[in-house]
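A quick write-up on the structure given underneath.
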Amino acid sequence: MGRLSAVIWTGQNGLQSLQPLECAGNLAGARNSKIHGLVDKLCRPWVLILTPGNTADCTVGPACVSLLDGIAELLGDKAYDSNSFRKSLRKDGIKPVIPGRSNRKKRIRHDKQAYKDRNVIERCYCRLKDFRRIATRYDKLARNYFSALCLVAAVAFWL
């Protein structure tokens, strides 16, 4: 496999009645979960990780990146902006294309032209959400939801 240009994203799903150990965290008074993923330029998901909604995105980013080799550059949104994550990406030879948060004291420069390609992740996520079971999350257990997510990703993008 050649060098990949990966995009990292977070999508949130609202949950109704999940227990804390079932991959749901309290976020804004409701139970939520987040789907973190890496996608290539062809909108195909390579890595999917399910976390509670109150987990910070910048702490999950390194786990996503460590699961896939051959990434040349990583496009991410502002939620993945942290000095430690940027440092680990550069150490691994990955070019971070992540805009800085608005509350940073020192502005972070990023490649705005490359950042425009981040729409592939939004298209991938919208394709996953075309499946009602993924969009609404009827499953109570995280393992059932994650299994359905992986199945949908395989059917929609790989078969």
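Those residues that are within 15 Å of the chain's Cα centre (by Cα), farther than 15 Å from residue 40 by Cβ and of a type in the set (Val, Ile, Thr), I need them from the range 94-126; list them, please. If the condition is that a residue be within 15 Å of the chain's Cα centre (by Cα), farther than 15 Å from residue 40 by Cβ and of a type in the set (Val, Ile, Thr), then 98 is the only one that fits. When the range 53-81 is limited to residues that are surrounded by fewer than 20 Cβ atoms within 10 Å (Cβ to Cβ) and touching a Leu at 6+ places or on another chain (Cβ under 6 Å), the one that is modelled with the lowest pLDDT turns out to be 54. Of the listed requirements (1) over 13 Å from residue 37 (Cβ atoms); (2) outside any loop (DSSP other than H, G, I, E, B), residue 157 misses just one: (1).
Would the range 6-24 turn up any residue that is surrounded by fewer than 18 Cβ atoms within 10 Å (Cβ to Cβ), at pLDDT below 85 and part of a strand (DSSP E or B)? Scanning the range 6-24, I find at least one residue that is surrounded by fewer than 18 Cβ atoms within 10 Å (Cβ to Cβ), at pLDDT below 85 and part of a strand (DSSP E or B), so the answer is yes.
Out of all the residues in the range 100-123, is one or more in contact with a helix residue (DSSP H, G or I) (Cβ under 6 Å, 6 or more places away or on another chain) and within 29 Å of residue 154 (Cα to Cα)? Within the range 100-123 (the criterion being in contact with a helix residue (DSSP H, G or I) (Cβ under 6 Å, 6 or more places away or on another chain) and within 29 Å of residue 154 (Cα to Cα)), the answer is no, since none of the residues qualifies. Hey, any hits in the range 70-92 for a residue that's touching a residue at least 40 places away in the same chain (Cβ under 8 Å) and among the hydroxyl-bearing types (Ser, Thr, Tyr)? Yes, the range 70-92 contains a residue that is touching a residue at least 40 places away in the same chain (Cβ under 8 Å) and among the hydroxyl-bearing types (Ser, Thr, Tyr).
Would you confirm, using the coordinates I've provided, whether residue 33 is at pLDDT below 85 and either in a loop (DSSP other than H, G, I, E, B) or acidic (Asp, Glu) (or both)? No, not satisfied.
One residue stands out among those in the range 106-159 that are of a type in the set (Phe, Trp, Tyr), out of contact with any strand residue (DSSP E or B) (no Cβ under 8 Å at 6 or more places or on another chain) and at pLDDT 85 or above: the one that is surrounded by the most Cβ atoms within 10 Å (Cβ to Cβ), which is 131. Assuming residue 84 fulfils every condition listed in (1) surrounded by fewer than 17 Cβ atoms within 10 Å (Cβ to Cβ); (2) touching an Asp or Glu at 6+ places or on another chain (Cβ under 9 Å); (3) modelled with pLDDT of 90 or more; (4) farther than 16 Å from residue 49 by Cβ apart from one, which condition is it? Status for residue 84: all satisfied but (2).
The values are calculated or read from the model by the stated rules, or taken from the named source; none is laboratory data. Just so we're clear, the structure is a prediction, and the values are computed from it rather than from any experiment. Neighbour counts run over all protein chains shown; Cβ positions are idealised from the backbone, glycine included.
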